[in-house]
Amino acid sequence: MSTPSSILFISTEEALWGGSDELWYGTALVMAKQGYSITAVKSKWSISDDRYRNMVTAGVDVLALYDNSKIRRHQRRKQRWQTLTQHLSQIGFLHDVLSRYQAFKKRIYTYWNLEDYYALGGLYNHLKSHKYDLVVLNQAENYDGHPYMNLLGKFDIPYVILSHKASELLWPSSEIIEDLQQGFSKAKASYFVSEHNKELSEQQIGRKLSHTAIVRNPSKQLSKEERKNYTFPSLDQGLNLACVGRFWFLDKGQDLLINVFRQQKWRDRAIYLSFYGSGPHEMALNLLIAMYDLKNVSIKGYETDIQKIWSTHHALLLGSRAEGLPLVLLEAMQYGRPYIGPATAGIEEVIQDGKTGFLAKSASVEAIDKALERAYNARTELAGMGEQGANVAEERLKEDPTQVFATLIKSHLKNHT
């Protein structure tokens, strides 16, 4: 009996779990059940997460880059130093001196983070002691895997790259463009979640890529029975919009939506916006709502029950500045809800303006306002538009993206039959 092929998945997603983790995770489970030897690496894991437990149960070896003895020792030293300085800072003249030194030390650690060195060194040692037939480098963005590309270049290990988000706002600096060109060119294949992101990535590294393909992120497909039992809410009490996603203004643009809704015309209308999610900018979002006294805007928090959201809301409103192809979009479409917002990245590849949603020409207050005005004036037509969108989503989800990606990965294995 031949030895099963060994595959390493590396995810650059810094959050405990993100939308960019869904495709590789599902694919890893598929291949583990097919008998492949699978290892998964992230910076850190939540051991209480069901997905973590699913991988362990399926026999996937799970490694955390930022959980090794050197990092733990380093963190203990930092904690002891912080405790000491907090104590000494109470001693009169030392307070100002120590405060200045702390600020200096923070600047140093911004550029020279020992934890990053220890983490990458740990992965280097792991690659030296383990033989993999293929590495799948999953980038949360489109070049945040740069250090791993360099590291994989030190070993004779074939690898493929899967890139999720790309943004016109973030371009690689001159220092790493050549590395990125080499990193992508050495890959057996480069996969992207939208045609837009592929083209933008090529522009950002200044090179056309060969062996590329567009893949799709998984989204739970509703059965026809589930769709039949799901009705469009009444408009009698007004138009209810949901913005679902991580509270992170740089990409998700919730601040743009606030600046749309602070206009008097939206204050005077029966239209309501609910933010669902969590993230680093939750306090900033709360403060903006309070500062402008927006009575028709609220934060609902993180909601795991998607049906609960769409039982009371009529459409999905996003302010996306940067995306791959949002999972929340396909979820909303399956529930028969049209989209309103920018035609960012892969969104325009799914939404047809005026038929399944209202596209803003750009991620700007003015453009989103115009799209929202069109949607509001056509609010009695939203149910029919949502039905058209549900048919589009159903067609896109006929094939299981994890099975498709697993087949693509297997095509790069030498012993693939």
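Read-outs throughout are calculated quantities, based only on the coordinates presented, and are distinct from any laboratory measurement. As the structure is a computational prediction, the values presented were derived from the model and not from experiment. Cβ: placed from backbone, ideal geometry, glycine included. Neighbour counts: every protein chain shown.
Worth pointing out:
- Averaged over residues, the count of other Cβ atoms within 10 Å places the peptides 374-384, 196-206, 157-167 in the sequence 157-167, 196-206, 374-384, highest first.
- The order of T304, T356, going from fewest to most other C-beta atoms within 10 Å of their C-beta, is T304, T356.
- A crude spin-label estimate for the pair E14 and Q403, with each label 7 Å from Cα along the Cβ direction, gives 3.7 nm.
- You can think of it this way: the chain between N286 and S185 has 31.9 nm of extra reach, that is 0.36 nm per residue less the Cα-Cα gap.
- Label-to-label distance, N377 versus N391, with points set 7 angstrom from Cα along the beta-carbon direction: 2.6 nm.
- Cα gyration tensor, the chain - rounded (a/c under 1.5), prolate or oblate: oblate
- Region 251-311: relative contact order in percent, alpha carbon pairs under 8 Å with at least 6 residues between: 39 percent
- Taking 32 Å as the limit for the C-alpha separation, the pairs K308/K410; K188/K308; K361/K398; K308/K361; K198/K308; K128/K188 exceed it in the case of K308/K410; K188/K308; K198/K308.
- Pairwise FRET efficiency - T3 versus K370, Cβ, R0 = 60 Å, nearest 0.05: 0.50
- Extension gain for R207 to H126 (0.36 nm times residue separation, less C-alpha to C-alpha distance): 26.0 nm.
- Extension reserve of the K44-S411 stretch, reckoned as 0.36 nm per residue once the Cα distance is removed: 129.2 nm
- Gyration tensor verdict on region 224-396 (Cα atoms; rounded if a/c is under 1.5, prolate if a/b is larger than b/c, oblate otherwise): rounded
- For region 300-417, the relative contact order comes to 24 percent (Cα pairs under 8 Å, sequence separation of at least 6).
- Packing-based ranking of 211-218, 314-321, 48-55, 25-32 yields 314-321, 25-32, 211-218, 48-55, ordered from highest to lowest mean Cβ neighbour count within 10 Å.
- Taking M149, M333 and counting other C-beta atoms within 10 Å, the order from fewest to most: M149, M333
- Cα gyration tensor shape for region 330-417, rounded if a/c is under 1.5, else prolate or oblate: oblate
- Entry note, region 224-396: relative contact order of 23 percent, from Cα contacts under 8 Å with a spacing of 6+ residues.
- Packing rank of 183-190, 339-346, where each peptide gets the mean count of other beta carbons within 10 Å, highest leading: 339-346, 183-190
- Reach of K154 by Cα under 13 Å, taken over aspartates and glutamates that are not fewer than 8 positions away in the same chain: D179
- Measuring r between the beta carbons of E175 and F155 and using R0 = 25 Å, the FRET efficiency lands at 0.65.
- With the simple model of a label 7 Å out from the Cα in the direction of the Cβ, A58 to Y302 spans 2.1 nm.
- Cβ-based exposure ranking for K398, K355, in which fewest neighbours within 10 Å come first: K398, K355
- Those aspartates and glutamates that a straight Cα-Cα span of less than 20 Å connects to K265, excepting residues fewer than 8 apart in one chain: D236, D255, D293, E366, D369, E373
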